[in-house]
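What follows is a set of notes on a single structure, which appears directly below.
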Amino acid sequence: MKNPKIRVKKMKEKKLMIAEWILDIVLIIIVSFIYYLNKPIETPKVLYIPKGSINQIISQMQQNQFDVCKLDSFILRLIGSPQSGWIDMGNNKNTKADFLYRLATAKAALQNVTLIPGETTYVFLEQLSNELNLDFDILQEEFLKQSPIQEGILVPNTYKIPMGITEKELINLLLKISVKRMKELSHKIFGTYNETKWFGYLTIASIIQKESANNEEMPIVSSVIYNRLKKGMRLQMDGSLNYGKYSHAKVTAKRIREDKSFYNTYIYKGVPKIPICNVGLEAIQAAIFPAKTNYLYFMKSKKGTHDFTCNYSTHIQNIHNATK
């Protein structure tokens, strides 16, 4: 029979070995965890976090090719649930620890930028460039690359723009919001969304937006457009030449003669192939639901509103009254 003292000694040695083994494992885990938390991760400087559970957020970030995993879900539960909305990551490169901490605590500073009905995308991009300190050329390049149409797709609105957003991210944000709103309006009116048909209405709505003195006139201006088109008449509307960088330029007789673009409704029949500007809901509704009139002409009076008429002779008299 073995000596009890030897047996106790061996048991103590075994326990010590197990303790040392456990300690080694713990140390490995701690070192690995520290290494993981110091691992670099690249993200946009400003990141959008959708609403949802931590697992849903991590899953969506994985779909967007971010280097995150289930361990991050566990760590976030210890730190705190990520806030939905725009997050200021501080830098494009962070350690995993800083990244997770910012997910749970940071918010991006937002700046309001307003797109008014009737404004062209060119001028709005200039506004964005000036107010957000972004590169106009890159904004324009990204818009033409991402947008399904060169003009008229943006919905007039006051947008909350996160400071630090890149040109590419900003255009993507504006288009997502606008296209979603366009589809909602189309489904509300027609029960479906046909992009080609919708863009056709946007083009007519853009002329209405540029020509109308107020919202009340819009269905009447719309009726004039449709009546002239039905008769095969040129629209001959100054507002069609207030496109792009000419959004606020006075349309002169010289400009009408020299502008050979497809926007010039004095030269070409029909409506331009794309909208002239970005339009409000009232102009879209007027394009879809024009007033029932026989009007073919209108002229801005000294009151600032328009005089509408069916007869050219009366139209000439209205021009005389407005200019005398």
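Taking helices (runs of 4 or more DSSP H) that fall entirely within segment 169-260, which contain at least 1 residues that are touching a Leu at 6+ places or on another chain (Cβ under 9 Å) and over 25 Å from residue 144 (Cβ atoms)?
Details: elements: 195-211, 218-230, 253-258.
In segment 169-260, the matching helices (runs of 4 or more DSSP H) lie at 218-230, 253-258.
For the structure I just gave you, tell me whether residue 229 is within 21 Å of the chain's Cα centre (by Cα) and either modelled with pLDDT of 95 or more or buried (at least 18 other Cβ atoms within 10 Å of the Cβ) (or both). Break it down into steps so the answer makes sense when it comes.
Values: within 21 Å of the chain's Cα centre (by Cα): no; either modelled with pLDDT of 95 or more or buried (at least 18 other Cβ atoms within 10 Å of the Cβ) (or both): yes.
It is false that residue 229 is within 21 Å of the chain's Cα centre (by Cα) and either modelled with pLDDT of 95 or more or buried (at least 18 other Cβ atoms within 10 Å of the Cβ) (or both).
Hey, does segment 24-37 have a residue that's surrounded by 12 or more Cβ atoms within 10 Å (Cβ to Cβ), closer than 27 Å to residue 167 by Cα and in contact (Cβ under 8 Å) with a residue 12 or more places away in the chain?
Applying the first criterion (surrounded by 12 or more Cβ atoms within 10 Å (Cβ to Cβ)) to segment 24-37 yields 33, 36-37.
Filter once more, so that each one left must be closer than 27 Å to residue 167 by Cα: none.
Within segment 24-37 (the criterion being surrounded by 12 or more Cβ atoms within 10 Å (Cβ to Cβ), closer than 27 Å to residue 167 by Cα and in contact (Cβ under 8 Å) with a residue 12 or more places away in the chain), the answer is no, since none of the residues qualifies.
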Residue 76 being at pLDDT 95 or above and buried (at least 19 other Cβ atoms within 10 Å of the Cβ): no
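Just to be sure I understand, how many residues within segment 171-214 are among the aromatic types (Phe, Trp, Tyr) and either closer than 19 Å to residue 272 by Cβ or in contact (Cβ under 8 Å) with a residue 24 or more places away in the chain (or both)?
Step one: of segment 171-214, the residues among the aromatic types (Phe, Trp, Tyr) are 190, 193, 198-199, 201.
From what's left, either closer than 19 Å to residue 272 by Cβ or in contact (Cβ under 8 Å) with a residue 24 or more places away in the chain (or both): 198-199, 201.
Within segment 171-214, residues that are among the aromatic types (Phe, Trp, Tyr) and either closer than 19 Å to residue 272 by Cβ or in contact (Cβ under 8 Å) with a residue 24 or more places away in the chain (or both) number 3.
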Close pairs (8 angstrom Cβ cut-off, 6 or more residues apart or separate chains): assigned by TED's automatic domain parsing to the domain that holds residue 66 in segment 44-55, of a type in the set (Lys, Arg) and assigned to a strand (DSSP E or B) anywhere: none
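The values are calculated or read from the model by the stated rules, or taken from the named source; none is laboratory data. Values in this document were obtained by computation on a predicted structure and should not be read as measured data. No Cβ is skipped: glycine too gets one built from the backbone with ideal geometry, and neighbour counts run over all protein chains shown.
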